[in-house]
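Chemist: Let me begin by handing over the structure; questions about it come next.
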Amino acid sequence: MKRKILILCIDAGSHDYLAASDIPNLRKLAEAGFYRHANAVIPSVTNVNNVSIATGTFPETHGITTNYHVDRDTGIGTFIEDLLCRDGRFLLAPTLFEVAKAAGFADKTALFVTKKKLLQMLCAGADIAVAAEAPPQEFIEVAGSVEPVYSIEINWWLLRAVRHTLRKHDADLVYCTTTDWVQHAYPPEAELSQLHLAALDRVVGDIVDDNPEREIYITADHGMLPKTTALDPGRWLTQHGVPASAIPIIKDRYVAHHSNLGGAAYVFLENRSDTERAVRVLRQTNGVEEVYPAEDAARAFRLHPERIGDIFVLADKDTVFGELDVAEKPVSVRSHGSRHESYVPVIGYNSPWSAADFDYNVDVGRLFLASIS
């Protein structure tokens with residue numbers, strides 16, 4: 001029988017959210033297959049991890065290291081989706097869809113995303129490409145009216161659209177990724193968090209009933225934790241005699257999610273000769289947990305060395321980085337980006353592999369590519 005595959009990335013669908021919710025269908029998949037505590041790619045943000053899963057490679061290969069890219073030579077910053085609109089070659093690795101088609105594995109492929117920004121990043125090779133933010137009329141007719149991107153309902157809409165496509169087109173390879181507005185707004189024990197996952201679980205159960213032989217992989221791009229302190233590493237360095245700026249890697253257009261505050265940042269120095277001094281200052285700064293000059297960061301986290309700042313910083317569990325009007329201030333926000341949000345599940349059902357084969361969420365894509373090459 002021909003293999004058919006569904007990959008579902010539940011944005012911020014970390015262990016604590018799954019454990020707190022009534023998700024009998026996901027638990028059945030795990031019991032029949034496997035459940036692995038795995039790692040996300042660092043920085044633990046949406047763009048980096050979804051592109052990694054959907055290409056089966058790390059950022060050193062695919063080149064997407066952030067949500068917002070700053071050219072180190074010009075200082076000009078651009079949202080990644082805008083860069084890809086201007087130059088599709090900015091993504092350096094082929095998608096699973098492209099490889100599957102070239103290998104003769106897939107006749108029909110489909111991509112479903114909640115956020116429009118991911119459509120441009122991941123759509124190469126997808127015969128069907130749908131963003132729940134602005135879906136085609138066909139899907140409005142079968143999945144319901146368009147839901148606000150800052151809502152609990154939009155992810156339910158997305159899974160209904162996936163089910164429709166599987167029933168109508170029986171696509172060989174389907175990749176679906178949700179949005180994390182709920183997790184940014186509510187902790188795992190909150191009623192709306194549990195309602196959100198319970199409803200997703202019911203649609204997953206319907207999909208499995210429709211497609212009992214399909215391989216299914218469910219993972220997450222990152223976790224989510226509450227934060228109490230915001231720090232601007234660039235402003236902090238400047239105040240300590242090292243002129244610099246810093247961009248939080250989480251920075252995107254979905255400001256209501258996280259206020260552009262996240263647990264990782266790239267620091268850009270006015271003078272790169274200040275690197276050693278800047279590293280020393282940052283390592284003595286409260287809230288900064290890890291500091292890496294660019295070369296060390298690229299090696300440690302498999303990042304593309306030409307697409308990161310002069311210094312890479314990771315925050316402690318309670319801190320986020322941002323572009324602030326002061327060096328440091330108290331905040332109350334749920335966010336991600338650091339090592340503390342980099343632990344994610346991998347659930348496999350009807351899989352030829354075992355839990356031990358999955359150290360990272362990336363391995364969902366990597367192992368698939370290896371199996372069809």
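Chemist: When the stretch 5-35 is examined, which residues are found to be touching a strand residue (DSSP E or B) at 6+ places or on another chain (Cβ under 7 Å) and farther than 24 Å from A264 by Cβ?
Modeler: The answer is I5, L6, I7, L8, L26, L29, A30, A32, G33, F34, Y35.
Chemist: Filter the stretch 246-294 for residues that are touching a residue at least 40 places away in the same chain (Cβ under 8 Å), over 21 Å from D11 (Cβ atoms) and hydrophobic (A, V, I, L, M, F, W, C) and give the result.
Modeler: The answer is A246, I247, V267, F268, L269, A278, V281, L282, V288.
Chemist: Please determine, by comparing only the residues of the stretch 1-33 that are open to solvent by less than 20 Å² (accessible area, probe 1.4 Å) and not aliphatic (A, V, I, L, M), which one is farthest from L225 (Cα to Cα).
Modeler: C9
Chemist: Taking the conditions exactly as written (within 24 Å of R366 (Cα to Cα), surrounded by 24 or more Cβ atoms within 10 Å (Cβ to Cβ) and touching a Pro at 6+ places or on another chain (Cβ under 7 Å)), does V113 satisfy them or not?
Modeler: When the stated conditions are applied, V113 does not pass them.
Chemist: Continuing with this model, one more query. Counting only residues that are crowded, with 24+ Cβ neighbours inside 10 Å and within 21 Å of the chain's Cα centre (by Cα), how many does the stretch 224-245 have?
Modeler: Number satisfying all stated conditions: 2.
Chemist: May I ask you to verify whether E141 is outside any helix (DSSP H, G or I) and either modelled with pLDDT under 95 or under 18 Å from the mean Cα position of the chain (by Cα) (or both)?
Modeler: no
Chemist: Is there any pair with a first residue in the stretch 199-219 that is free of Cβ contacts under 8 Å to residues at least 60 places away in the same chain and open to solvent by 10 Å² or more (accessible area, probe 1.4 Å) and a second that is among the charged types (D, E, K, R) and assigned to a helix (DSSP H, G or I) whose Cβ atoms are under 8 Å apart and which are 6 or more apart or on different chains, and what are they?
Modeler: V203/R160; V203/R163; D206/R163; D210/R163; D210/R167
Chemist: Considering each of E306, E289 in turn, give the residue that is assigned to a loop (DSSP other than H, G, I, E, B), surrounded by fewer than 20 Cβ atoms within 10 Å (Cβ to Cβ) and under 23 Å from the mean Cα position of the chain (by Cα).
Modeler: Checking each option against the conditions leaves just E306.
Chemist: Can you name the number of the only condition in (1) out of contact with any strand residue (DSSP E or B) (no Cβ under 7 Å at 6 or more places or on another chain); (2) more than 22 Å from T46 (Cβ to Cβ) that P330 fails?
Modeler: All conditions are met except number (1).
Chemist: Those residues that are within 21 Å of the chain's Cα centre (by Cα) and either within 17 Å of L18 (Cα to Cα) or open to solvent by less than 50 Å² (accessible area, probe 1.4 Å) (or both), I need them from the stretch 356-373; list them, please.
Modeler: Of everything in the stretch 356-373, those that are within 21 Å of the chain's Cα centre (by Cα) and either within 17 Å of L18 (Cα to Cα) or open to solvent by less than 50 Å² (accessible area, probe 1.4 Å) (or both) turn out to be F358, N361, V362, D363, V364, G365, L367, F368, L369.
Chemist: Still on this structure: Before we move on, is A171 closer than 20 Å to Q137 by Cβ and of a type outside the set (S, T, N, Q)?
Modeler: Yes, satisfied.
Chemist: Another question about this same structure. Filter the stretch 170-185 for residues that are more than 22 Å from Q120 (Cα to Cα) and not hydrophobic (A, V, I, L, M, F, W, C); which is most open to solvent (accessible area, probe 1.4 Å)?
Modeler: D170
Chemist: Out of curiosity, is A297 touching a residue at least 24 places away in the same chain (Cβ under 8 Å), out of contact with any Cys (no Cβ under 8 Å at 6 or more places or on another chain), hydrophobic (A, V, I, L, M, F, W, C) and open to solvent by less than 20 Å² (accessible area, probe 1.4 Å)?
Modeler: No; evaluated as a whole, the condition is false for this residue.
Chemist: Take residues that are out of contact with any helix residue (DSSP H, G or I) (no Cβ under 7 Å at 6 or more places or on another chain) and over 22 Å from A40 (Cα atoms) and tell me which of the strands (runs of 3 or more DSSP E) falling wholly in the stretch 181-250 contain 3 or more.
Modeler: Once the strands (runs of 3 or more DSSP E) in the stretch 181-250 are filtered for at least 3 residues that are out of contact with any helix residue (DSSP H, G or I) (no Cβ under 7 Å at 6 or more places or on another chain) and over 22 Å from A40 (Cα atoms), what remains is 225-231.
Chemist: Continuing with this model, one more query. Inspect the stretch 125-138 for any residue being of a type outside the set (V, I, T), in contact (Cβ under 8 Å) with a residue 24 or more places away in the chain, open to solvent by less than 60 Å² (accessible area, probe 1.4 Å) and assigned to a helix (DSSP H, G or I) and give the result as yes or no.
Modeler: Looking through the stretch 125-138, none of the residues is of a type outside the set (V, I, T), in contact (Cβ under 8 Å) with a residue 24 or more places away in the chain, open to solvent by less than 60 Å² (accessible area, probe 1.4 Å) and assigned to a helix (DSSP H, G or I).
Chemist: Okay, moving on. Here are the criteria: (1) under 23 Å from Y360 (Cα atoms); (2) open to solvent by 40 Å² or more (accessible area, probe 1.4 Å). Tell me which single one G104 does not satisfy.
Modeler: Unmet condition: (1).
Chemist: Out of K108, K101, K116, report the one residue that is of a type in the set (K, R), out of contact with any helix residue (DSSP H, G or I) (no Cβ under 6 Å at 6 or more places or on another chain) and either at pLDDT 95 or above or more than 21 Å from C176 (Cα to Cα) (or both).
Modeler: That would be K101, the only listed residue that is of a type in the set (K, R), out of contact with any helix residue (DSSP H, G or I) (no Cβ under 6 Å at 6 or more places or on another chain) and either at pLDDT 95 or above or more than 21 Å from C176 (Cα to Cα) (or both).
The values are calculated or read from the model by the stated rules, or taken from the named source; none is laboratory data. Note that the structure is a prediction, hence the values are computed from the model and not measured. All Cβ positions, even for glycine, are placed from backbone atoms using ideal geometry, and neighbour counts span all protein chains on display. Note: accessible area is taken over every heavy atom of the protein model, side chains too, but ligands, DNA and RNA are not part of it. Shrake-Rupley method; radii C 1.70, N 1.55, O 1.52, S 1.80 Å.
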